[in-house]
Structures are given as C-alpha cells and as structure tokens.
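Participant: After the structure tokens below, expect a handful of questions from me.
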Amino acid sequence: MIAKEELINGLNEDLAAEWGTIMRYTYQAGKAVGLRGAEFREILEKEIADEIGHAKYLTDVIADLGGEPTTAPRDFEKPSELKQMIELDLKMEQEDVKNYTAHAKMAEQLGNTELKVKLEEMAADESAHARDLRRILKGL
Ligand SMILES: [Fe+2]
Ligand SMILES: [Fe+2]
C-alpha cells in the first residue's frame, strides 16, 4: 500500500515538469524562426494551453490532498536548433506519459478514481503532443 505523501510528491514532480514545459514552450516559440519555425510555434501555442490546464488541475489536487503545490519549474535545456528543440520536447512528452501513467496507478491504489481517470487523460494528452512533434520531426 502506498502512502498519500508518496502520491503528493509524485504529483508535485509532475507539476514542476508542467511549469518547466510551459516556460520551455514559451521560450522556444519566441526563438523559433523560418517557415518551419512558424509551424512549430503554432503547435507550441496550442500545447501551452493544454499544459496550463494540467498545471491548474495538479495545483488544485495537491492542495486538496493537503500538500503544498510547487511553483518552481523543473530546469530545462535550451538547444538553439529547431530540430534539437523538437527532439527534446518529444523526449520530455514521452517522459510525462510515463509519469502520469505511473501516478494514475498510485491514485487507483489509493481508491481515488477521479484522479486516476484524470491522470490517464493527461497521459493521453501528452501522447497526442508527442505525436504532433513526431510528425514535424519526420519532415526535418
Ligand atoms: Fe502537460
Ligand atoms: Fe504535453
């Protein structure tokens, strides 16, 4: 049986990752140039909105569980080339899928069905983000 604190810690790591992603995508959108950069920028802007939704949800849940929601973003790399930016983002999205899937299982063990389902939905969102990134990466 896992402890509630373990779940709170896991969710706080997810939240730090979301803040980091919001900053990384905002930064990359500003740095993306050229025609492909313009396409990438459009995708990022759509995904930033999703990540803000994820961060809001995690903040609410952590607070509700009695934890202190983090406001510190996870540190991130800043590659200068478009291809490296997208490769990094793809890697991070895939990591997020893994983490949300693992934490959904923890939520299930604790009998928190709403959280389990929502974390699975978030894993699905990140999978879709990864697919969008893979699609543009194939054309580079
Ligand atoms: Fe997210
Ligand atoms: Fe994402």
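The values are calculated or read from the model by the stated rules, or taken from the named source; none is laboratory data. Nothing here was measured: the structure is a model prediction, and the numbers come from that model. Don't worry about glycine lacking a Cβ; one is built from the backbone with ideal geometry, like all the others, and counts go over all protein chains shown. Heads up: the accessible areas ignore ligands, DNA and RNA and are worked out on the full protein's heavy atoms, side chains in. Shrake-Rupley method; radii C 1.70, N 1.55, O 1.52, S 1.80 Å.
Participant: Report the FRET efficiency, 1/(1 + (r/R0)^6), for E81 and T101, where r is their Cβ-Cβ distance and R0 is 30 Å, rounded to 0.05. Could you put the intermediate results ahead of the total?
Facilitator: Numbers: r = 30 Å, r/R0 = 1.01.
The value I calculate is 0.50.
Participant: Just by accessible area at a 1.4 angstrom probe, what is the order of V61, V117 from largest to smallest? If you can, show how the numbers build up before the last one.
Facilitator: On the way: V61 20, V117 65 Å².
Accessible-area ranking of V61, V117, largest first: V117, V61.
Participant: Residues of the chain: accessible area per residue at 1.4 Å, in Å²? Could the numbers behind the result be given before it?
Facilitator: Details: 7610 Å² over 140 residues.
Per residue, the chain has 54 Å² of solvent-accessible surface.
Participant: Report the longest stretch of the chain that contains none of the GluC sites (Glu not before Pro) sitting in a DSSP loop with at most 13 other Cβ atoms within 10 Å.
Facilitator: With a cap of 13 other Cβ atoms within 10 Å, the longest stretch comes to 1-76.
Participant: Still on this model: Ordering R36, R41 from largest to smallest accessible area (1.4 angstrom probe), what's the sequence?
Facilitator: R36, R41
Participant: OK, next. How far, in nm, would the chain grow between K46 and E13 when pulled straight, counting 0.36 nm per residue and subtracting the alpha carbon separation?
Facilitator: Between K46 and E13, full extension yields 9.6 nm more.
Participant: Below 30 Å, Cα to Cα, which lysines can K4 reach? Residues fewer than 8 away in the same chain don't count.
Facilitator: By straight Cα distance, K4 reaches K56, K91, K98, K105, K116, K118.
Participant: Let me ask something additional. Could you look at the chain and say what percent of its accessible area is carbon and sulfur, using a 1.4 Å probe and all protein chains?
Facilitator: In the chain, the share of accessible area belonging to carbon and sulfur is 52 percent.
Participant: Same structure, new question: At a Cα cut-off below 12 Å, give the aspartates and glutamates reachable from K138, other chains included and same-chain residues fewer than 8 away excluded.
Facilitator: E87
Participant: If the viscosity is 1.306 mPa s and the temperature 10 °C, what translational diffusion coefficient in µm²/s does Stokes-Einstein give for the stretch 34-140 when Rh comes from Kirkwood over Cα pairs?
Facilitator: Working: Rh = 15.1 Å.
D, rounded to a whole number, is 105 µm²/s.
Participant: Nearest 10 degrees, 0 to 90: what angle lies between the long axis of helix 4-31 and the longest principal axis of the chain (Cα atoms)?
Facilitator: 20
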